[in-house]
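**Q** Shown below is the structure under consideration.
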Amino acid sequence: MNAYEEGDKIVGDIMQYDAAPLFPDLDGRPGKAVARLTRWTFDLAANTDAFKREQIDDLAGEFPRFDERLAGLDYRHGFFAASSDAKFIDRYDTLAHFDLKKNKRTAYHLPPGDVVSEPIFVPRGTKAVEADGYLLATVYRGAENRSDLAVFDTAALERGPIAVAELSHRVPFGFHGNWRAAA
C-alpha cells in the first residue's frame, strides 16, 4: 500500500500472503493463498535482518491503494478490494477502507455475483486533505455479464456508489498499475 521512514525504522503496509499465490503447493494442488493487510517494520538501527510483522486487518484482499500524494510519507487511509467469503478468496466482492490511526475498517459489499477490480483513489481537488475524494473501480455484474464504472465517496464508502457509468459489455480483469499525468 505504502511505505515510509519513521526515525531509524522503515514501515511498510503490504498485502501479505502466507504462501506464494498463483502457484501449486508441493503436492501439485492449486494454491489457495490469502493476502491480508500487514505492517512490516524494519529497524535499521538494530543491525539485523529481522523485521516485525503485524497483521492490520483480517479481511482477505488485494490491490491496496492510498492517496498517492503521500507516497513515501506517513499516512492514515488505505483502500483495497476484498473478499467477504473465505471460500472465494480470489473473487473480490467488497471495497474496503482502512483508517490506520483509528484501526477501523469500513466496507461496501457488492450484490451477490458481482466482483470489483482494483480501486483507484482520486482526490476531490488539489487542496483536499488526505483521503478526501473518490474511489473508482470497475464492477463486473455477474448476472448481466457486463461491467460498470462505479464512483464512491470515500467519506461514505459503505453507502455504495454515488455514480455509475453502465457499460454494455464486460471489462476483463487485467494487470494493475499507476497512471502518471503527461508532462
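**Q** Does A46 count as surrounded by 15 or more Cβ atoms within 10 Å (Cβ to Cβ) and among the aliphatic types (A, V, I, L, M)? Show your work before the answer.
**A** Details: surrounded by 15 or more Cβ atoms within 10 Å (Cβ to Cβ): no; among the aliphatic types (A, V, I, L, M): yes.
Taking the combined requirement at face value, the residue does not satisfy it.
**Q** Looking at the stretch 93-150 only, could you name the residues that are of a type in the set (D, E, K, R) and touching a residue at least 12 places away in the same chain (Cβ under 8 Å)? Full working, then the answer.
**A** So in the stretch 93-150, the residues of a type in the set (D, E, K, R) come out as 93, 99, 101-102, 104-105, 114, 118, 124, 127, 130, 132, 141, 144, 146, 148.
D93, D99, K101, R105, D114, E118, E130, D132, R141, R146, D148 - these are the residues of the stretch 93-150 that are of a type in the set (D, E, K, R) and touching a residue at least 12 places away in the same chain (Cβ under 8 Å).
**Q** Check whether at least one residue in the stretch 17-35 is within 20 Å of D74 (Cβ to Cβ) and either assigned to a loop (DSSP other than H, G, I, E, B) or touching a residue at least 40 places away in the same chain (Cβ under 8 Å) (or both), and report yes or no.
**A** no
**Q** Take the stretch 116-132 and flag every residue that is surrounded by fewer than 19 Cβ atoms within 10 Å (Cβ to Cβ) and not hydrophobic (A, V, I, L, M, F, W, C). Spell out how you get there, then give the answer.
**A** First, pick out the residues of the stretch 116-132 that are surrounded by fewer than 19 Cβ atoms within 10 Å (Cβ to Cβ): 120, 122-130, 132.
Of everything in the stretch 116-132, those that are surrounded by fewer than 19 Cβ atoms within 10 Å (Cβ to Cβ) and not hydrophobic (A, V, I, L, M, F, W, C) turn out to be P123, R124, G125, T126, K127, E130, D132.
**Q** For the stretch 33-43: of the residues being of a type in the set (A, V, I, L, M) and out of contact with any Phe, Trp or Tyr (no Cβ under 6 Å at 6 or more places or on another chain), which is most open to solvent (accessible area, probe 1.4 Å)?
**A** Let us first name the residues in the stretch 33-43 that are of a type in the set (A, V, I, L, M), namely 33-35, 37.
Filter once more, so that each one left must be out of contact with any Phe, Trp or Tyr (no Cβ under 6 Å at 6 or more places or on another chain): 34, 37.
Values: V34: 35, L37: 0 Å².
It comes out as V34.
**Q** Something else: Could you check the stretch 58-115 for strands (runs of 3 or more DSSP E) lying wholly inside it with 2 or more residues that are closer than 21 Å to V11 by Cα and open to solvent by less than 40 Å² (accessible area, probe 1.4 Å)?
**A** Details: elements: 77-83, 94-99, 104-109.
Those strands (runs of 3 or more DSSP E) span 77-83, 94-99.
**Q** A follow-up question, please. Go through the residues of the stretch 172-183 one by one and say whether even a single one is modelled with pLDDT of 95 or more and open to solvent by 40 Å² or more (accessible area, probe 1.4 Å).
**A** no
**Q** Could you say which residue among T41, T48 is part of a strand (DSSP E or B), over 18 Å from A156 (Cβ atoms), out of contact with any Gly (no Cβ under 7 Å at 6 or more places or on another chain) and hydroxyl-bearing (S, T, Y)?
**A** Values: T48 fails: part of a strand (DSSP E or B).
After applying the criteria, what remains is T41.
**Q** Next question, about the same structure. Being assigned to a loop (DSSP other than H, G, I, E, B) and among the polar types (S, T, N, Q) is the filter here; which residues of the stretch 132-177 pass it?
**A** Initially, the stretch 132-177 is screened for residues assigned to a loop (DSSP other than H, G, I, E, B), giving 132, 142-145, 160-162, 167-177.
Selection gives N145, S168.
**Q** If I ask for residues that are farther than 30 Å from R124 by Cβ and in contact (Cβ under 8 Å) with a residue 12 or more places away in the chain, which ones from the stretch 59-89 would you list? Talk me through it step by step, then tell me what you get.
**A** Step one: filter the stretch 59-89 for residues farther than 30 Å from R124 by Cβ, giving 85-89.
If the condition is that a residue be farther than 30 Å from R124 by Cβ and in contact (Cβ under 8 Å) with a residue 12 or more places away in the chain, then A86, I89 are the ones that fit.
The values are calculated or read from the model by the stated rules, or taken from the named source; none is laboratory data. What you are looking at is a predicted structure, and each value in this text was computed from that prediction instead of being measured. In this analysis, Cβ positions are derived from the backbone assuming ideal geometry, glycine residues included, and neighbour counts consider all displayed protein chains. SASA here: full protein model, heavy atoms, side chains in, ligands and nucleic acids out. Shrake-Rupley method; radii C 1.70, N 1.55, O 1.52, S 1.80 Å.
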